[in-house]
1. Which FRET efficiency value, to the nearest 0.05, is calculated for HIS396 and GLU31 with the Förster distance at 41 angstrom and r the Cβ-Cβ distance?
2. Using Cα atoms only, what is the angle between the long axis of helix 377-391 and the major principal axis of the chain, expressed in degrees (0 to 90) to the nearest 10?
3. Nearest 20 debye, what's the magnitude of the dipole of the chain about its Cα centre given +1 on Lys and Arg Cβ and -1 on Asp and Glu Cβ?
4. At 7 Å along Cα-to-Cβ for each site, give me the label-to-label distance between ALA15 and ASP61 in nm.
5. Classify segment 63-287 as rounded, prolate or oblate, taking a ≥ b ≥ c as the square roots of the eigenvalues of its Cα gyration tensor: rounded when a/c is under 1.5, otherwise prolate if a/b is larger than b/c and oblate if not.
6. At a Cα cut-off below 18 Å, give the aspartates and glutamates reachable from LYS352, other chains included and same-chain residues fewer than 8 away excluded.
7. Under 10 Å, Cα contacts only: if you run a Gaussian network model on the chain, which one of SER376, SER275, SER37 comes out with the highest mean-square fluctuation?
8. If the reach is capped at under 17 angstrom between alpha carbons, list the lysines near LYS210, excluding any in the same chain fewer than eight residues apart.
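The values are calculated or read from the model by the stated rules, or taken from the named source; none is laboratory data. Bear in mind the structure is a predicted one, so any value in this text is a computation, not a measurement. Note that we place each Cβ from the backbone using ideal geometry, even for glycine, and neighbour counts take in every protein chain shown. Surface areas here come from the heavy atoms of the whole protein model, side chains and all, with no ligands, DNA or RNA. Shrake-Rupley method; radii C 1.70, N 1.55, O 1.52, S 1.80 Å.
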Amino acid sequence: MPTDALALRTQALKASPTLAITAKAKKLRAEGHNVLSLAAGEPDFNTPEPICEAAVKAMTDGLTKYTPSAGLPSLREAVSEKLARENGIRVPPEGVVVTCGAKHAVFGSLMALIDPGDEVIVFAPYWMTYLDQIVLAGGFPVIVEAKPQDGFAPSVQAFEQAITPRTKAVILNFPCNPTGAAVTREWLGQAAAIAARHDLWVLSDEIYEKLVYDGYEPVSVASLSEETASRTITINGCSKTYAMTGWRIGYLAAPTRVAQAVSNLQDQVTSNATSIAQAAAVAALLLPAHIVESMRAEFEIRRDLMVGLVRDVPGMSCTLPQGAFYVLANVKQLLTPAIDDDCRLATWLLEKAQVATVPGSVFGAPGTLRLSFACSQEQIRDAMARIREALCNLPH
Ligand SMILES: Cc1ncc(COP(=O)(O)O)c(C=O)c1O
């Protein structure tokens, strides 16, 4: 094989540390160890029955052929109606593109908007995929840090100061992976005004919109005004809300010319998302609200449990997540000369306590661990008890 066989774009991609820790946890399990995981990025519930039934019906009805690249007309219509009904966003079905998961919707948007050298603002702590995808599109991620003392709501002044003549877009992700932070309507209004002043695109990843707590009411930035909608791509999908991570259905809603560009790109890359999963997604969007509510309510109980247990561990602290299913625990006080960063601590906890966590460095938050509460209350209790006990013997 020629030595320079790999393109620069893939050479720049690092193996995901999350996958590395998950692989190590799997290996330990295969060797017979009782490993508990707080690393999950997906709901532990089964996909609700009416959604599965719609998929079976699609198969038996012969909905097994190509669909338009941008998605089944019935699903684009259902998304358009959902956005009007629940989010106050007016986008015709032509402005909707169905994608292979929300991750693919972010990628399509960046590929449609970013030219080599363009800068994209991302708030830290961030979902690490944004950085790699920006680089793949030829852009530069510019990181603006959100602080725990502000509940991880980024400072709008810091956002505006980070803008340069090369800034093309900003990515918003509220509720946020990994902090669970959400922002107010006022914050979104200020961010939208900055985007307008500097003529930026706004990518709003709203994948955790339904998993919110303490009565928090999510606001879609595109609903604020027609002007904001004209520069916003709203990204969402079925993965987290309907426990459908494996089905790979996401979508974006954008001004029609952007949606058309993403659709043209999909024509040449993936074509359509799976036809059967698309039919299931129509059923998901029409699912009786109480089914999603029962999952959300269980997540809220688990959040309270996890936050209480984290705050009970000497040297650990956390903010109260308003959404998603993660607690970002500050572990800076626990670090020692022997275990001096979050990656070493996560590896040590996996080996000694047999609990998998994700080091916060992955999310641009060194000195933290991301603890997922997408697992049973019993598992949360057992895993946190193991962590607490193991930490008594942390080497110095
Ligand atoms: C913030 C955020 N956006 C998007 C996704 C990806 O969703 P999907 O599985 O639909 O691609 C994730 C998954 O972890 C996420 O955390």
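1. On the way: r = 29 Å, r/R0 = 0.70.
Efficiency computed from Cβ-Cβ geometry: 0.90.
2. So the helix axis and the longest Cα principal axis differ by about 40 degrees.
3. Dipole size: approximately 600 debye.
4. Reported label-point gap for ALA15 and ASP61 is 4.4 nm.
5. Here segment 63-287 falls in the prolate category.
6. Reachable aspartates and glutamates: GLU31, ASP340, ASP341, ASP342, ASP382, GLU389.
7. Result for the chain, Cα springs under 10 Å: SER376 fluctuates most.
8. LYS82, LYS240
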